[in-house]
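Right, one structure below, let's go through it.
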Amino acid sequence: MTGRALLAVLAFLALTGQRAPILVPDVSQHEVRVRQGFTGTNLLLFGAILDADGRRASQPYDIVVVLKGPTQPILLREKGKRFGIWMNADSTAFRSAPSFFAVASSRPIDQIVDERTAAIYELGLDFLQLSPTGAIDPDEQTRFTEGLVDLRRREGLYKEDPKGVTVRDGVLYQARIALPSNVITGRYTAETFAIADGRVIDSAIAEVEVTKHGFERFVADQADQSSVLYGLFAVLLSLFMGWLAGRVFALV
């Protein structure tokens, strides 16, 4: 949000007599362009928590920022040892799982809110809400959820930083969240929560669009629009590269 927009909001609140604090968030990049050689980027999420008259908030607030990527269905398989061989054993499907999920807070979550509030607003990886397909045993769902979180944490796609938000003078806050090179394209939402005395006082959302550009976008568009031709081309390219590698090694 620009400074002019912030002034307009403050003027409106002053005229209407609203006394509740307001949260004004923004993000350093509203569009992240994925090009060849993309190695990831850092997003700066920042803003202010103010009273309706534009002054410093009358009480201290904790800030929690949740950055969430596009959701997608996922089939998760668990490997087990059968007859001395590791193979796919149990599996479960989730209707929607965030492709990216990061939480940054001014203090550890358990020092800011209770478990019930954290679960309502998904303030942390322990409170991530996934929707399984069909009936599933609660213990099994917990096991698969923990497995998914652990897998994506190791891939850099799920993360938590209990001291990732800094608040200056009780007004300005900022957090840095790294997007790794393996993020998928789509719309990302950065939701910021202002919390006092264990209650969420206000929340606001900023959006970031991750898009592909250049040759990567051409390949992605062809895969979506002409999947059959794209598949044939991929097979032919693989055969050609195999033949070329064979010729090179034969000449060496």
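Listed residues Ile195, Ile177, Ile184; which is surrounded by fewer than 17 Cβ atoms within 10 Å (Cβ to Cβ), at pLDDT 90 or above and either of a type outside the set (Lys, Arg) or at negative phi (or both)? I'd like the intermediate steps shown before the answer.
On the way: Ile195 fails: surrounded by fewer than 17 Cβ atoms within 10 Å (Cβ to Cβ); Ile177 fails: surrounded by fewer than 17 Cβ atoms within 10 Å (Cβ to Cβ).
Going through Ile195, Ile177, Ile184 in turn, the sole match is Ile184.
Being modelled with pLDDT of 65 or more and more than 25 Å from Phe193 (Cβ to Cβ) is the filter here, so list the residues in segment 64-80 that pass it.
Taking segment 64-80 and keeping what is modelled with pLDDT of 65 or more, we get 64-79.
Hits for segment 64-80 are Pro73, Ile74, Leu75, Leu76, Arg77, Glu78, Lys79.
So, of the residues in segment 116-142 that are part of a helix (DSSP H, G or I) and touching a residue at least 60 places away in the same chain (Cβ under 8 Å), which turns out to be nearest to the chain's Cα centre (by Cα)? It would help to see each step written out before you state the result.
Of segment 116-142, the ones part of a helix (DSSP H, G or I) are 116-121, 125-127, 138-142.
After this cut, where a residue has to be touching a residue at least 60 places away in the same chain (Cβ under 8 Å) as well, the list is 117, 121.
Numbers: Thr117: 20, Tyr121: 14 Å.
So the residue we want is Tyr121.
Confirm whether Ala118 is touching a helix residue (DSSP H, G or I) at 6+ places or on another chain (Cβ under 8 Å) and at pLDDT 95 or above. Can you show your working first?
On the way: touching a helix residue (DSSP H, G or I) at 6+ places or on another chain (Cβ under 8 Å): yes; at pLDDT 95 or above: yes.
It is true that Ala118 is touching a helix residue (DSSP H, G or I) at 6+ places or on another chain (Cβ under 8 Å) and at pLDDT 95 or above.
For segment 20-43, give me the residue count where each residue is in a loop (DSSP other than H, G, I, E, B) and open to solvent by less than 30 Å² (accessible area, probe 1.4 Å). It would help to see each step written out before you state the result.
As a first pass, look at segment 20-43 and keep what is in a loop (DSSP other than H, G, I, E, B): 20-21, 28-30, 35-40.
From what is left, the residues that are open to solvent by less than 30 Å² (accessible area, probe 1.4 Å) are 21, 40.
The qualifying residues number 2.
The values are calculated or read from the model by the stated rules, or taken from the named source; none is laboratory data. A quick note: this is a predicted structure, and the numbers were derived from the prediction, not measured. We place every Cβ from the backbone using ideal geometry, glycine too, and count neighbours over all the protein chains shown. We work out accessible area using only protein heavy atoms, side chains counted, and drop any ligands, DNA or RNA first. Shrake-Rupley method; radii C 1.70, N 1.55, O 1.52, S 1.80 Å.
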